[in-house]
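If you scroll down you'll find the structure; I have some questions about it.
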Amino acid sequence: MMEPTFRASMNWLHTWFGVVLGSLLFAIFWMGTLSVFDKEIDRWMMPASRLALPADFSYEAMRPAYQAALAAKSPSVLLLVPTERNPVITALWRATDGSFAQHMFDPRSGAELPDQGTLGASRFIYPFHYSLNLKVLGLGYWIVGLCGMVMMALCVSGVVIHRKIFADFFTFRPERKIRRATLDLHNVAGVLGLPFHVVISVSGLVILFSLYFPSSIWAVYRQDIRLFGREAYGSYVRPPAKQAADLVSFDTMVAKAKSVWGQGEPNYLYVFHPGDAAAYVQLNRSSEDVVSNISYVAYVDGVTGNLLSASKPEKPAAVTQRFIAGLHFIQFKHWTLRWLYFGLGLAGCVLIATGLLFWEESRRERHRRLGLAGARVVAAVMVASVTGIMIATLAFMVTNRALPPGASAAGLERGAIEVVVFHLIWLLTLAHAWAFAGRAWISQCWTISVLAIAAVMLNAATTGDHLVRTIAHRRLWPVAGVDAMLVISAVVAAWTALRLARRGQTDAEAGA
Amino acid sequence: MTAMLMLLAGWSLLAASQPKQFGRIISHGHVPGPVRIAMRSLGAVLLLAALVILVRVEGGSFGALVWACLLSISAIAVALVLAWLPRFTSRA
C-alpha cells in the first residue's frame with residue numbers, strides 16, 4: 001500500500017513495526033535492563049557467593065580451581081578473577097564427557113563452593129537479552145539483530161511523525177484521558193531518552209558485527225577467521241607438547257602481564273593445555289577503569305612465566321568497535337553510570353509498553369465495532385509481553401528461593417526447573433490475559449506485587465539475609481539492592497492496579 | 001551531585017520558558033519575551049556548565065557519558081514533576 005505523504009508512510013511504518021516487534025523489543029529491553037545488575041541478581045540467587053572480596057587477594061588462590069580442571073582432564077580452563085561485584089573465582093571448563101561446567105571457588109581459601117543449582121542472571125537473564133536463549137541455528141541472535149535494526153527505524157520514524165517535538169518536549173498530562181496520557185508518556189520517554197535508545201541499539205548491533213556482517217571478514221581473510229582474530233585482537237595459538245609440567249605461580253604470570261600493560265589488573269586467565277609443558281595462559285586486562293571494552297591481551301608461557309605475545313589493538317576500526325561495545329557492556333566500575341543505565345533502560349521499557357498500549361487504546365472502539373477476534377489475541381499478547389514477562393521473571397526468582405538445594409523433578413535439575421517455571425508462567429500469563437481480557441492488566445499487576453513481596457520474604461526465610469541485615473553489611477549490599485527494588489516494584493505494581501481499577505470504575509459509571 | 005542539580009535547574013528553566021508549560025504552572029500566566037529569552041539562555045548555560053564540571057571531575061570519556069545519561073534522566077524527571085505541578089499550584 002502506498003501512502004500519500006512521507007510523514008504518513010513513516011506513521012504506517014512506526015505503527016506496524018511497533019506492533020509486530022514491540023513485544024520482542026520489550027522482552028529484550030526488560031532483560032537488558034535487568035542485566036545491568038546481573039551480578040547483583042546472581043548474588044541474590046546464589047547465597048553461597050555472598051562473599052566479601054578480600055583486600056589482600058592473591059592470584060595464587062586460583063590454583064585449587066586450576067587443579068580441579070586439571071583433574072577433570074580439560075583441554076583448557078577459563079578462570080575469572082574475582083571482583084567487587086562478582087567476589088568469587090569462577091572456573092569454566094569442559095569435562096571429558098563433553099559437558100561444559102561452571103564452578104565457583106572461595107577467593108580467600110580457594111575451596112570450591114557448593115553448586116547453587118541455578119543459572120542466575122548472568123547465565124539466563126543476560127543471554128536472554130542478546131539471544132532469547134534460542135540456540136537453534138543461532139536464530140536468537142538474528143531475531144535480536146532484526147529487533148535492533150527495527151528499534152533504530154522506530155526511533156527515526158518516531159521523530160518524523162512527532163508533530164510538535166519541541167513544543168511538547170516536557171508534556172505529560174496524566175489527568176487527561178488514558179489514551180492521551182499514554183501518548184504523552186510515550187513521547188516523553190522516547191524524545192528525552194532518544195540518545196540512549198539510539199546508542200544502545202546501534203552499539204548492540206556493532207557488538208555482534210561479525211555475526212551480522214560476516215562478509216566483511218570473509219572478503220579480507222577468506223575462511224581464515226583465526227587470522228582475523230590474530231590481526232584484530234592479537235590471538236596466539238600453539239599446540240600441546242604432550243609432556244607433563246607444572247604451572248608457574250599465578251602471581252608471577254599476572255606480574256608479567258602487568259609489566260606490559262603498565263596499569264590495570266587482569267579480568268580473566270585462560271589456561272590452554274593445563275598440565276602440559278607447552279601450557280600457555282592468556283591474560284586480558286580488565287576494562288574497569290575505561291569506557292572502552294578493551295581487548296588488551298598478554299600471552300604468558302605457563303611453565304617458564306615468560307612473555308610469549310602481547311598486543312594492544314591499535315587498528316582504528318578495532319579500537320572504535322571496542323569503544324562502542326564498551327558503551328553497551330558497562331564493564332567499567334562506575335556505580336553512578338550503572339544506575340543511570342538502569343534508569344534509562346526502564347525508560348526504554350516504558351517507551352515500548354506505552355507504545356503498545358496506545359495502539360490498543362486508540363483502536364479499542366473500532367475493534368469492538370468490527371468484532372475482530374484477532375484484536376483480542378493481540379491485546380492478550382501485549383499484556384503477556386509487558387506484565388507477563390515481569391511475572392515470569394519474578395516466578396523465576398521465587399522458584400530459586402523456594403526450591404531446596406539439589407532439588408530435581410521429572411529428570412530436570414534445579415537450574416532447569418527454574419527455567420521451565422519461567423516459560424510456563426509466561427505462557428500462563430498469556431492464557432490468563434486472553435481469558436480475562438478486560439481485567440487482565442489489573443490482576444497481573446496484583447500478581448507482580450504479591451510475587452515481589454514473596455521473593456523478598458523467601459530470601460529472608462531461606463538465607464536469613466533480611467533487609468535490615470543486608471543494609472548493615474557492605475558485602476550484602478547487592479542483596480539489599482535487589483530486595484529494595486523488589487519492594488519498590490511491589491508498591492508501584494499495587495498502586496498501578498489500584499489506579500487502573502478506580503479508573504475502570506469511573507469509566508463504567510460514566511458509560512452507564 | 002552539583003551537576004545533577006544544575007541540569008535539573010537548567011531543564012526546569014527551559015521548560016518553564018515554554019508558553020504552554022508556563023500557562024499550566026501559573027494558570028493563564030504569560031511570559032514576556034525578554035524574560036523568556038533570559039530563561040532559555042540561562043537554562044542552556046546551566047546544561048553546558050554541568051558538562052564542564054563532569055568532564056573535569058570524571059575525565060573526558062566518563063564525564064561526557066555521565067553527562068549524556070544525566071541529561072536524559074534529569075529531563076524526564078522535570079517532565080514528571082511538571083505533570084504533577086498544576087495540582088499544587090492550582091490549589092494554592
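Is one or more of the residues making up segment A:372-380 touching a residue at least 24 places away in the same chain (Cβ under 8 Å), in contact with a Gly (Cβ under 8 Å, 6 or more places away or on another chain) and not hydroxyl-bearing (Ser, Thr, Tyr)?
No, every residue in segment A:372-380 fails to be touching a residue at least 24 places away in the same chain (Cβ under 8 Å), in contact with a Gly (Cβ under 8 Å, 6 or more places away or on another chain) and not hydroxyl-bearing (Ser, Thr, Tyr).
Regarding A:Leu205, is this residue assigned to a helix (DSSP H, G or I), free of Cβ contacts under 8 Å to residues at least 12 places away in the same chain and within 25 Å of the chain's Cα centre (by Cα)? Can you show your working first?
Values: assigned to a helix (DSSP H, G or I): yes; free of Cβ contacts under 8 Å to residues at least 12 places away in the same chain: no; within 25 Å of the chain's Cα centre (by Cα): yes.
Criteria not met by A:Leu205.
Please count how many residues of segment A:346-364 are away from chain B (no Cβ under 11 Å) and either under 17 Å from A:Ala189 (Cα atoms) or of a type in the set (Asp, Glu) (or both). Break it down into steps so the answer makes sense when it comes.
As a first pass, look at segment A:346-364 and keep what is away from chain B (no Cβ under 11 Å): A:349, A:352-364.
Adding the requirement that they be either under 17 Å from A:Ala189 (Cα atoms) or of a type in the set (Asp, Glu) (or both) leaves A:349, A:352-361.
Matching residues across segment A:346-364 total 11.
Shifting gears a bit: So is B:Ser74 of a type in the set (Gly, Ala, Ser) and modelled with pLDDT under 85 or not?
no
Among (1) away from every other protein chain (no Cβ under 14 Å); (2) in contact with a strand residue (DSSP E or B) (Cβ under 9 Å, 6 or more places away or on another chain), where does A:Gly262 come up short?
Going through the list (1) away from every other protein chain (no Cβ under 14 Å); (2) in contact with a strand residue (DSSP E or B) (Cβ under 9 Å, 6 or more places away or on another chain), A:Gly262 breaks only (2).
Which residue, of A:Phe100, A:Phe105, is open to solvent by 30 Å² or more (accessible area, probe 1.4 Å) and over 20 Å from the mean Cα position of the chain (by Cα)?
A:Phe100
Quick one: what pairs do we get from segment A:261-284, first residue outside the structural domain of A:Ala241 (by TED's automatic domain parsing), second part of a loop (DSSP other than H, G, I, E, B), C-beta under 9 Å, 6+ apart or different chains?
The qualifying pairs do not exist here.
Here's the yes/no breakdown for (1) open to solvent by less than 40 Å² (accessible area, probe 1.4 Å); (2) modelled with pLDDT of 85 or more:
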site	(1), (2)
A:Tyr130	no, yes
A:Gly138	yes, no
A:Leu146	no, yes
A:Met149	no, yes
A:Cys155	yes, yes
A:Asp168	yes, no
A:Arg176	no, no
A:Val188	yes, yes
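Here's the yes/no breakdown for (1) of a type outside the set (A, V, I, L, M); (2) within 30 Å of A:Pro266 (Cβ to Cβ); (3) open to solvent by less than 60 Å² (accessible area, probe 1.4 Å); (4) in contact with a Ser or Thr (Cβ under 6 Å, 6 or more places away or on another chain):
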| residue | (1), (2), (3), (4) |
| --- | --- |
| A:Val303 | no, yes, yes, no |
| A:Ser309 | yes, yes, yes, no |
| A:Gln331 | yes, yes, no, yes |
| A:His334 | yes, yes, yes, no |
| A:Gly343 | yes, no, yes, no |
| A:Gly348 | yes, no, yes, no |
| A:Ile352 | no, no, yes, no |
| A:Glu365 | yes, no, no, no |
| A:Arg368 | yes, no, no, no |
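Among residues belonging to segment A:37-77 that are among the polar types (S, T, N, Q) and more than 29 Å from the chain's Cα centre (by Cα), point out the one that is most open to solvent (accessible area, probe 1.4 Å).
Out of the qualifying residues, it is A:Gln67.
Now for a separate question. Give segment A:318-327 a look and list any residue that's away from chain B (no Cβ under 11 Å) and open to solvent by 30 Å² or more (accessible area, probe 1.4 Å), or say none. Spell out how you get there, then give the answer.
Residues of segment A:318-327 that are away from chain B (no Cβ under 11 Å), as a first pass: A:318-322, A:324-325.
Within segment A:318-327, A:Val319, A:Thr320, A:Arg322, A:Ile324 qualify.
Here's a follow-up. Could you please find all residues in segment A:320-343 being outside any helix (DSSP H, G or I) and closer than 13 Å to A:Ser35 by Cα?
Passing the criteria: A:Ile330, A:Gln331.
List every residue pair whose Cβ atoms lie under 7 Å apart, where the two residues are 6 or more positions apart in sequence or sit on different chains, the first residue falls within segment A:65-86 and is over 23 Å from A:Glu40 (Cα atoms), and the second residue, located anywhere, is open to solvent by 60 Å² or more (accessible area, probe 1.4 Å) and part of a loop (DSSP other than H, G, I, E, B).
Note: pairs meeting the criteria are A:Ala72/A:Thr96; A:Lys73/A:Thr96.
Please go through (1) over 20 Å from A:Phe342 (Cα atoms); (2) in contact with a Phe, Trp or Tyr (Cβ under 6 Å, 6 or more places away or on another chain); (3) not in a loop (DSSP other than H, G, I, E, B) for A:Ala48 and return the number of the only condition it doesn't satisfy.
(2)
Can you name the residue in segment B:55-74 that is over 20 Å from the mean Cα position of the chain (by Cα) and within 9 Å of chain A (Cβ to nearest Cβ) and, of all such residues, is least open to solvent (accessible area, probe 1.4 Å)?
Filtering first and then ranking leaves B:Phe62.
Conditions tested, residue by residue: (1) more than 14 Å from every other protein chain (Cβ to nearest Cβ); (2) at pLDDT 90 or above; (3) under 30 Å from A:Trp30 (Cβ atoms).
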{"residue": "A:Leu194", "(1), (2), (3)": "no, yes, yes"}
{"residue": "A:Ile200", "(1), (2), (3)": "no, yes, yes"}
{"residue": "A:Val206", "(1), (2), (3)": "yes, no, yes"}
{"residue": "A:Phe209", "(1), (2), (3)": "yes, no, yes"}
{"residue": "A:Ile217", "(1), (2), (3)": "yes, no, no"}
{"residue": "A:Glu231", "(1), (2), (3)": "yes, no, no"}
{"residue": "A:Val237", "(1), (2), (3)": "yes, no, no"}
{"residue": "A:Ala245", "(1), (2), (3)": "yes, no, no"}
{"residue": "A:Asp251", "(1), (2), (3)": "yes, yes, no"}
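Hey, does segment A:18-29 have a residue that's assigned to a helix (DSSP H, G or I), farther than 18 Å from A:Phe124 by Cβ and open to solvent by 40 Å² or more (accessible area, probe 1.4 Å)?
Kept after step one, since they are assigned to a helix (DSSP H, G or I), are these residues of segment A:18-29: A:18-29.
Among the residues that remain, those that are also farther than 18 Å from A:Phe124 by Cβ are: A:18-23, A:25.
Among the residues that remain, those that are also open to solvent by 40 Å² or more (accessible area, probe 1.4 Å) are: A:20.
Yes, there is a match, as at least one residue in segment A:18-29 is assigned to a helix (DSSP H, G or I), farther than 18 Å from A:Phe124 by Cβ and open to solvent by 40 Å² or more (accessible area, probe 1.4 Å).
Taking B:Arg87 as the residue in question, decide whether it is modelled with pLDDT under 80 and exposed (fewer than 14 other Cβ atoms within 10 Å of the Cβ).
Considered against the rule, which asks whether it is modelled with pLDDT under 80 and exposed (fewer than 14 other Cβ atoms within 10 Å of the Cβ), B:Arg87 comes out as yes.
So how many residues does segment A:328-344 have that are within 11 Å of another protein chain (Cβ to nearest Cβ) and either on the phi > 0 side of the Ramachandran plot or in contact (Cβ under 8 Å) with a residue 60 or more places away in the chain (or both)?
6
Going residue by residue through segment B:33-42, is there one that turns out to be farther than 20 Å from A:Val199 by Cβ, part of a helix (DSSP H, G or I), within 12 Å of another protein chain (Cβ to nearest Cβ) and at pLDDT below 80? Working first, answer last.
Keep residues of segment B:33-42 that are farther than 20 Å from A:Val199 by Cβ, which gives B:33-42.
From what's left, part of a helix (DSSP H, G or I): B:33-42.
Cutting the leftovers down to within 12 Å of another protein chain (Cβ to nearest Cβ) gives us B:40.
Next, from what is left, pick out any that are at pLDDT below 80: B:40.
Scanning segment B:33-42 turns up at least one residue that is farther than 20 Å from A:Val199 by Cβ, part of a helix (DSSP H, G or I), within 12 Å of another protein chain (Cβ to nearest Cβ) and at pLDDT below 80.
Another question about this same structure. Of all residues in segment A:272-317, count the ones that are more than 14 Å from chain B (Cβ to nearest Cβ) and within 27 Å of the chain's Cα centre (by Cα).
Our first condition is that a residue be more than 14 Å from chain B (Cβ to nearest Cβ); within segment A:272-317, this holds for A:272-286, A:295-317.
When the remaining residues are screened for being within 27 Å of the chain's Cα centre (by Cα), the result is A:282-286, A:295-297, A:313, A:317.
Summing the residues that are more than 14 Å from chain B (Cβ to nearest Cβ) and within 27 Å of the chain's Cα centre (by Cα) in segment A:272-317 gives 10.
Next up: With the condition kept exactly as written, say whether any residue in segment A:210-223 is crowded, with 17+ Cβ neighbours inside 10 Å and farther than 30 Å from A:Ala8 by Cβ.
The answer is yes, given that some residue of segment A:210-223 is crowded, with 17+ Cβ neighbours inside 10 Å and farther than 30 Å from A:Ala8 by Cβ.
Of (1) outside any helix (DSSP H, G or I); (2) open to solvent by 30 Å² or more (accessible area, probe 1.4 Å); (3) closer than 19 Å to A:Leu346 by Cα, A:Lys164 satisfies all except one. Which?
Unmet condition: (3).
Let me ask something additional. Looking at this structure, is A:Leu13 in contact with a helix residue (DSSP H, G or I) (Cβ under 6 Å, 6 or more places away or on another chain), within 21 Å of A:Gly158 (Cβ to Cβ) and at pLDDT below 90?
Taking the combined requirement at face value, the residue satisfies it.
Right, A:Ala278: part of a loop (DSSP other than H, G, I, E, B), in contact with a Lys or Arg (Cβ under 9 Å, 6 or more places away or on another chain) and of a type outside the set (S, T, N, Q) or not?
yes
The values are calculated or read from the model by the stated rules, or taken from the named source; none is laboratory data. The shown structure was predicted, so the numbers you read here are calculated from the model rather than taken from an experiment. FYI the Cβ positions are ideal-geometry reconstructions off the backbone, even for glycines, and counts take in every protein chain you see. The accessibility values were calculated without ligands, DNA or RNA, using every heavy atom of the protein model including side chains. Shrake-Rupley method; radii C 1.70, N 1.55, O 1.52, S 1.80 Å.
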